[in-house]
Amino acid sequence: MSAPASALQRREPGCARTTPILRRPHPKHDARPIAPRAHPLARRFFELLDEQGIALTDIAERAGLSVATLVKWKYRHAPTVVALEAALNALGYRLAIVKRKATDVCGGAACCGCGASTGAGGARSTEDDAMTESASDTTPVTLREIGELCRAYADAREALEEVAEEIRSEQRAAVRRKMYMLNRRIAEVSAAKDALREAVTSAPALFEKPRTRAIEGVKVGYRKMPGRVEFSEESKVIARIRARLAGREAELIRIKERLDLGALKKLNGPELATIGARIVDVDDEIVIAAAADDLDKLVDALLADGEDASGEAA
């Protein structure tokens, strides 16, 4: 069966694929018959597919198309030029524009089977094209077609899951291979940080002004801690506020009988002492923060993967 306005030509040896197509058992949707409404070029494509005994999934993968797209060609969806050319290239064919012979005119001896009428000079009229396209667009989708598309979607999801699991397995294997070196580097980083902390602790005068410095991408020095309110029993502090700071309950006590620590921090020392509280942790603390701290998150993720992989190996 030939296509009237364009021809399917076998690709020359110089254009042949460098990667052979693997033959695999056809999935169920490969064997489904082509609907009468299928486009003639799509029909010819599936004939070539059957002649070469190639699975639809192989062609889809080689052409960079989804299986669902190719399945649609069997029914109501006409292929685009780009998609059809990619699929044919994967089969070893290409699209070409050739001059039409008199017998190639639709309705003639070598009709492509599209059923279209011809106008003067053997050419299809614009009106006929519009009517044919309109009729195709209004044809209702059948439950069988829906089932085929569901099967294609399920197959595509299964293939995606296989690839994702393969990537995950390779990642875990890589972590297992590098786990010794990873733990060693983590220990080295921890030791280097401890040594840096000890040096900064022993030389506070170096960080009087400015309090922190950026050296080799590491922020090091001192910073003022924000402080926090400390007390023994919250309920007793609440009772003392009501008894000794009368009129300030709404300011210092949250609803549900919880202390507002932010407000308490604003009280002066004698007031805090009156209610049995005090401010602690107001001394300076050492700051060591790398410019790219996302490394910690990456290490944590790798360690988690390493633990999972070790458990599986055991």
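Among the residues of the stretch 7-20, is there at least one that is at pLDDT below 85, crowded, with 19+ Cβ neighbours inside 10 Å and either in a loop (DSSP other than H, G, I, E, B) or under 34 Å from the mean Cα position of the chain (by Cα) (or both)?
Checked the stretch 7-20: no residue is at pLDDT below 85, crowded, with 19+ Cβ neighbours inside 10 Å and either in a loop (DSSP other than H, G, I, E, B) or under 34 Å from the mean Cα position of the chain (by Cα) (or both).
Restricting attention to the stretch 160-176, report how many residues are free of Cβ contacts under 8 Å to residues at least 60 places away in the same chain and either surrounded by 11 or more Cβ atoms within 10 Å (Cβ to Cβ) or of a type in the set (S, T, N, Q) (or both).
3
Residue by residue, here is whether (1) polar (S, T, N, Q); (2) touching a Lys or Arg at 6+ places or on another chain (Cβ under 7 Å); (3) more than 27 Å from LYS297 (Cα to Cα) holds:
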| position | (1), (2), (3) |
| --- | --- |
| ARG157 | no, no, yes |
| GLU166 | no, no, no |
| ARG184 | no, no, no |
| ALA191 | no, no, no |
| ASP194 | no, no, no |
| ARG211 | no, yes, yes |
| ARG258 | no, no, yes |
| GLY262 | no, no, yes |
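Let's see how each residue does on (1) without any contact (Cβ under 8 Å) to a residue 12 or more places away in the chain; (2) under 32 Å from the mean Cα position of the chain (by Cα); (3) assigned to a loop (DSSP other than H, G, I, E, B):
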| site | (1), (2), (3) |
| --- | --- |
| LEU48 | no, no, no |
| GLU61 | yes, yes, no |
| LEU70 | no, yes, no |
| TYR75 | no, yes, yes |
| ALA83 | no, yes, no |
| ALA87 | no, yes, no |
| LYS99 | yes, no, yes |
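Of all residues in the stretch 292-308 being surrounded by 10 or more Cβ atoms within 10 Å (Cβ to Cβ) and at pLDDT below 65, which is farthest from ARG228 (Cα to Cα)? Show your work before the answer.
Kept after step one, since they are surrounded by 10 or more Cβ atoms within 10 Å (Cβ to Cβ), are these residues of the stretch 292-308: 295-296, 298-308.
The next check asks that each one be at pLDDT below 65; those that pass are 295, 298.
On the way: LEU295: 30, LEU298: 31 Å.
Taking the candidates together, the pick is LEU298.
Kindly indicate whether LEU252 is surrounded by 13 or more Cβ atoms within 10 Å (Cβ to Cβ) and more than 30 Å from ASP305 (Cβ to Cβ). Spell out how you get there, then give the answer.
Details: surrounded by 13 or more Cβ atoms within 10 Å (Cβ to Cβ): yes; more than 30 Å from ASP305 (Cβ to Cβ): yes.
It is true that LEU252 is surrounded by 13 or more Cβ atoms within 10 Å (Cβ to Cβ) and more than 30 Å from ASP305 (Cβ to Cβ).
It is to be established whether one or more residues within the stretch 214-225 are in contact with a Gly (Cβ under 9 Å, 6 or more places away or on another chain) and exposed (fewer than 12 other Cβ atoms within 10 Å of the Cβ).
No: zero hits.
Taking LEU95, is it at pLDDT 80 or above, over 28 Å from the mean Cα position of the chain (by Cα) and under 16 Å from ARG43 (Cα atoms)?
So LEU95 fits the description; yes.
If you scan the stretch 242-257, which residues turn out to be part of a strand (DSSP E or B) and more than 16 Å from GLY276 (Cβ to Cβ)? Step through it out loud before you land on a result.
Of the stretch 242-257, the ones part of a strand (DSSP E or B) are 253-254.
Selection gives ARG254 alone.
Here's the yes/no breakdown for (1) at pLDDT 90 or above; (2) assigned by TED's automatic domain parsing to the domain that holds ALA195; (3) more than 25 Å from LEU196 (Cα to Cα):
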| position | (1), (2), (3) |
| --- | --- |
| ARG213 | yes, yes, no |
| ARG254 | no, no, yes |
| GLU257 | no, no, yes |
| LEU264 | yes, no, yes |
| GLY276 | yes, no, yes |
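Applying the selection to the stretch 175-218, what residues are within 30 Å of ALA304 (Cα to Cα) and of a type in the set (S, T, N, Q)?
If the condition is that a residue be within 30 Å of ALA304 (Cα to Cα) and of a type in the set (S, T, N, Q), then ASN183, SER190 are the ones that fit.
In contact (Cβ under 8 Å) with a residue 24 or more places away in the chain and assigned by TED's automatic domain parsing to the domain that holds ASP300: does that describe VAL189?
It is false that VAL189 is in contact (Cβ under 8 Å) with a residue 24 or more places away in the chain and assigned by TED's automatic domain parsing to the domain that holds ASP300.
The values are calculated or read from the model by the stated rules, or taken from the named source; none is laboratory data. Quick caveat: nothing in here was measured; it's all calculated off a predicted structure. With ideal geometry, Cβ positions are generated from the backbone for all residues, glycine too; neighbour counts draw on all protein chains shown.
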